[in-house]
Every structure is written in structure tokens, then in C-alpha cells.
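> Got a structure for you, questions after.
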Amino acid sequence: MSEPSIMMGGRSRERTPEPLTFLKCLSCGVENSRPFKENDYVLKIVEDEKCPKCGGTRSKIVNIYVPEKKESK
Ligand SMILES: [Zn+2]
């Protein structure tokens, strides 16, 4: 493994926990989760996420899970 000589971007080792958004497909009712995106909120109807089960493109955000920030000291 060769190490890159330049660090990409500016976010170096920040321990920001990534929130998860839970979507429920409006066609088949299956729930999926994905990383939180800007402007996500509970009960929002999302129309650009494809359901992996039925291929439907409309889903509703049913939950947003934010992991607690833990600092290991
Ligand atoms: Zn579906």
C-alpha cells in the first residue's frame, strides 16, 4: 500500500458521527436507511430514492437517528 503524500480535503480525523435517515417505501412499505442528507426531516416525502425492493421512487422519512458524539478520553 502506498501512502498518499497529500491529505485530501480539510477534514482530518474529526469524530463527527454520521446521522442515519430511515426511509419507508410508499409502495411496498419496506424500510431502508441511508446516511443523512441535508434538508432531511421526519415525515418528509423523498422522491429521488429508489427502493431496493420494489424499485419505487417515493418514500417517507420515518426516523432520523443521530449517534451520540463520544469523545474517548
Ligand atoms: Zn418498495
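> In nm, what is the difference between 0.36 nm times the number of residues separating residue 53 and residue 26 and their Cα-Cα distance? Display every interim value, and only then the final one.
Values: separation 27, 0.36 × 27 = 9.72 nm, distance 1.16 nm.
My answer for the length gained is 8.6 nm.
> Taking amide hydrogens as modeled 1.01 Å from N in the peptide plane, which residues meet the under 5 Å criterion relative to residue 62, leaving out close sequence neighbours?
Under 5 Å from the amide H of residue 62: 22, 23, 24, 43.
> What is the sum of charges around residue 51, taking Lys and Arg as +1, Asp and Glu as -1, for the other residues whose C-beta is under 14 Å from the C-beta of residue 51? Present the calculation step by step, with values, prior to reporting the outcome.
On the way: positive: 24, 34, 50, 53, 58, 60; negative: 31, 47, 48, 49.
Taking every other residue near residue 51 into account, the sum is +2.
> What does the charge count around residue 66 come to, taking other residues whose C-beta lies under 13 Å from its C-beta (Lys +1, Arg +1, Asp -1, Glu -1)? Write down the numbers at each step before the final one.
Numbers: positive: 69, 70; negative: 18, 40, 68.
Once positives and negatives cancel, what remains is -1.
Bear in mind that the values in this text are calculations on the coordinates, not laboratory data. Just so it is clear, the structure is predicted and the values come from calculations on it, not from any experiment. Every residue, glycine among them, receives a Cβ derived from its backbone with ideal geometry; neighbour counts consider all protein chains shown.
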